[in-house]
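For reference, the structure discussed in these notes is given below.
The values are calculated or read from the model by the stated rules, or taken from the named source; none is laboratory data. Because the structure is predicted, anything quoted here is derived from the model rather than measured. Neighbour counts are summed over all protein chains in view; Cβ atoms, including those assigned to glycine, are modelled from backbone coordinates with ideal geometry. Quick note on the areas: whole protein, heavy atoms, side chains included, nothing else; ligands and nucleic acids left out. Shrake-Rupley method; radii C 1.70, N 1.55, O 1.52, S 1.80 Å.
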Amino acid sequence: MRNGTSMQFDQILQYTLSGLSTGAIYALIGIGFSIIYNSTGIINFAQGEFVMLGGMLTLFFINLLQLPLWAAIPCAVFCATLAGLLFERLAIRPLRRPTPLNLVIITIGGSILIRGISMLLWGKDTHSLASFSGDDPIALGGATLLPQHLWILGITLVIIIANKFFFYHTISGKAMRACSYNSRAAGLVGIDVRRMVLFSFVISSAMGAVAGIIVAPLTMTSYDVGVMLGLKGFCAAIIGGMSSGMATVVGGVLLGVLESLGAGLVSSGYKDAIAFIILLLILLIRPQGLFGKAEAERV
């Protein structure tokens, strides 16, 4: 009996550790959603495609241009960020007094376009990216952890700290926060609101690309991985009340852990369904997110 209990505890620990790294990815994507939403009021359903571009562009630079991994990663992030910048300039900025429905349709259309171009460029095959520091598992109690999981958790932590520093201790970050509270008032005091919107797309696309790169060695990547990752990142943002602070991080980690436990203890067939069940419950019970608008940190 004691043996069985110990094995069950080890299994739960294993699923929890796996869920933490998955949740960190969802948190990064969710923060990208929140940054754009808080700065512009737009829910950018193309966010998942920047996650896909991160992984696919890294492979492109490694396989075709023969760049080492350490050089391919910044090149991929730069190109994905440039794609986010072009998306804002060509699809969002030209709009005059758009309705929320117009913006949703445009971002969905942008997602389909980016995915279609990626399919034409790289095909439908699934590709693998090498781990950053080997595949030898690390024992932790009765569970094991891959080195890539540590990379995911470490990079996510660094990005969250840098995100916090940028928005609270730099002029541009404070200007973006001002736009999130009242864009008209921000414009009246001399803040270039359009530039802040552009910054929000640049930051979120860069964060999405990094998320796609660090998760690719575990899940592999293809032209269509951004759809599901984007939706789960959106779930994390909703759980966190569309906050770009710790609320969304907690939402992403909670979603990742519950998803991993559900897949391991119930059935792996329910893995994707769990995220959407949680999303529906949150929207029905607490549409403002688990932390509420008063407690959720805005940009």
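Of the residues Ala206, Ala178, Ala186, only one is free of Cβ contacts under 8 Å to residues at least 60 places away in the same chain, assigned to a helix (DSSP H, G or I), closer than 19 Å to Gly245 by Cβ and among the aliphatic types (A, V, I, L, M); which?
Working: Ala206 fails: free of Cβ contacts under 8 Å to residues at least 60 places away in the same chain; Ala186 fails: closer than 19 Å to Gly245 by Cβ.
Within the list Ala206, Ala178, Ala186, the selection yields Ala178.
For every residue, the table says whether it meets (1) of a type in the set (Lys, Arg); (2) open to solvent by 80 Å² or more (accessible area, probe 1.4 Å); (3) closer than 15 Å to Gln14 by Cα.
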site	(1), (2), (3)
Pro137	no, yes, yes
Gly142	no, no, yes
Leu146	no, no, yes
Leu157	no, yes, no
Phe166	no, no, no
Thr170	no, no, no
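Sort out which residues of region 190-200 are open to solvent by less than 70 Å² (accessible area, probe 1.4 Å) and either among the aromatic types (Phe, Trp, Tyr) or in contact (Cβ under 8 Å) with a residue 60 or more places away in the chain (or both), and write them in order of number.
Met196, Val197, Leu198, Phe199, Ser200
In region 212-231, which residue that is open to solvent by less than 10 Å² (accessible area, probe 1.4 Å) and assigned to a helix (DSSP H, G or I) is nearest to His127 (Cα to Cα)?
Ala216
How many of the residues in region 50-78 are open to solvent by 60 Å² or more (accessible area, probe 1.4 Å), without any contact (Cβ under 8 Å) to a residue 40 or more places away in the chain and within 16 Å of Thr221 (Cβ to Cβ)?
2
Only one of Gly187, Gly256, Gly264 is open to solvent by less than 20 Å² (accessible area, probe 1.4 Å) and either touching a strand residue (DSSP E or B) at 6+ places or on another chain (Cβ under 9 Å) or of a type outside the set (S, T, N, Q) (or both). Can you tell me which? Walk me through it before giving the result.
Numbers: Gly187 fails: open to solvent by less than 20 Å² (accessible area, probe 1.4 Å); Gly264 fails: open to solvent by less than 20 Å² (accessible area, probe 1.4 Å).
When all the criteria are applied, what remains is Gly256.
Output the number of residues of region 235-264 satisfying the condition of being within 21 Å of Ala162 (Cα to Cα) and part of a helix (DSSP H, G or I).
Within region 235-264, residues that are within 21 Å of Ala162 (Cα to Cα) and part of a helix (DSSP H, G or I) number 10.
Here's the yes/no breakdown for (1) over 30 Å from Pro94 (Cβ atoms); (2) touching a residue at least 40 places away in the same chain (Cβ under 8 Å); (3) part of a helix (DSSP H, G or I):
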{"residue": "Ser118", "(1), (2), (3)": "no, yes, yes"}
{"residue": "Lys124", "(1), (2), (3)": "yes, yes, no"}
{"residue": "Leu129", "(1), (2), (3)": "yes, yes, no"}
{"residue": "Ile152", "(1), (2), (3)": "yes, yes, yes"}
{"residue": "Lys164", "(1), (2), (3)": "yes, yes, yes"}
{"residue": "Tyr168", "(1), (2), (3)": "yes, no, yes"}
{"residue": "Ser172", "(1), (2), (3)": "no, no, yes"}
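Going by the structure shown, is Gly32 assigned to a helix (DSSP H, G or I), open to solvent by less than 10 Å² (accessible area, probe 1.4 Å), more than 21 Å from Gly116 (Cβ to Cβ) and touching a residue at least 60 places away in the same chain (Cβ under 8 Å)?
Taking the combined requirement at face value, the residue satisfies it.
For region 84-108, enumerate the residues that are open to solvent by less than 50 Å² (accessible area, probe 1.4 Å) and within 19 Å of the chain's Cα centre (by Cα).
Looking only at region 84-108, we keep the residues that are open to solvent by less than 50 Å² (accessible area, probe 1.4 Å), and these are 84, 87-88, 91-92, 103-104, 106-107.
Matches in region 84-108: Gly84, Phe87, Glu88, Val104, Thr107.
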